[in-house]
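Presented below is the structure to which this report refers.
What follows is calculated from the coordinates using simple rules that are stated; it is not laboratory data. Since the model is a prediction, treat every value here as computed from it, not as a measurement. Counting neighbours? That spans all protein chains shown, and the Cβs are built from the backbone with ideal geometry, glycine included.
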Amino acid sequence: MSEATTPRTMPAPEPKYRIRAYHTASTITVHQAYPPPIGLPAARDGRFPGIWKRDRMTWIKPSFLWMMYRCGWGVKEGQETVLAIEISRAGFEWALKHACLSHYDADVHADRAAWQRELKRSPARVQWDPERDVRLEALPYRSLQLGLSGEAARRYADEWIVSVKDVTPLARRIHGLVRDGELAAAQELLPVETPYPAEVDGELLRHLCP
């Protein structure tokens, strides 16, 4: 009599819109890339230097690999210093609650005028871009970018930041492994990013998913 075999369970497909990040019970890590005169003092002091502009929109990215795609592994001009910025979850969630989509979507907004009114009064905005694999090729699901301006940018710089770490050496090391075809070794070095808590994610993203 042969042993019964257990059917293999296929993993559930990734939802198209989901926040994936390294996070703890109280913080979430986001990524940005800056020229050295901003990035190096920020990593040294744990806060942005005086030349950082609070009156400009700044985009934060929970996905490490999407940041690598954006900054070219830290070799693009003006993006040579890659930062992992640990911020409070309370601040991050405040930004999501006060955010709107960066573009008009008929499935979300009553009409274009309604979206424009929302955009004008919102200090934060959300954009969804294809997540990337270790080769920086597009995946069939999307990663969140969060743009902060006005009150949100000021709160980010002055209240939400817990720590700032220069991860440029890590980015360069992973990039070198990818160039050498050592993809498994590169994958091992990536930050462990997991889905943001579902009960929070679902509630906060209801008005931000096309």
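Here are a few things to note about the model shown:
- Summing +1 for each Lys or Arg and -1 for each Asp or Glu among the other residues whose beta-carbon sits under 15 angstrom from that of Pro13 gives +2.
- Kirkwood hydrodynamic radius over Cα pairs of the range 12-139, then Stokes diffusion coefficient at 25 °C and 0.890 mPa s, in µm²/s: 150
- Compactness relative to 2.2 N^0.38 Å, alpha carbon Rg of the range 119-210: 1.35
- Sum of side-chain charges, Arg173 neighbourhood, beta-carbon under 14 Å (Lys, Arg +1; Asp, Glu -1): -2
- A helix-only calculation puts the chain at -9500 deg cm²/dmol for mean residue ellipticity at 222 nm, using -39500 (n - 2.57) for each DSSP H run of at least four residues, averaged over all residues.
- Around the amide H of Thr81, modelled in the peptide plane, lie the amide H atoms of Tyr34, all under 5 Å away and 5 or more residues distant in sequence or on another chain.
- Stokes-Einstein, applied to the Kirkwood radius of the range 41-80 over Cα pairs at a viscosity of 1.306 mPa s and 10 °C, places its translational diffusion at 135 µm² s⁻¹.
- Gain in span if fully extended, Lys76 to Asp180, counting 0.36 nm per residue against the direct Cα distance: 35.4 nm
- Net charge over other residues, Cβ less than 15 angstrom from the Cβ of Gly39 (K, R count +1; D, E count -1): +4
- Converting phi to 3J(HN,Hα) with the Karplus coefficients 6.51, -1.76 and 1.60 and the offset θ = phi - 60°, the range 131-141 yields 5, 10, 8, 5, 7, 6, 8, 5, 9, x, 10 Hz in sequence order, with x at every glycine or proline.
- Global geometry of the range 84-166, whether rounded, prolate or oblate, following the gyration tensor of its Cα atoms and the 1.5 cut on a/c: oblate
- Estimated FRET transfer efficiency (Gln116, Asp158; beta-carbon r; R0 30 Å; 0.05): 0.55
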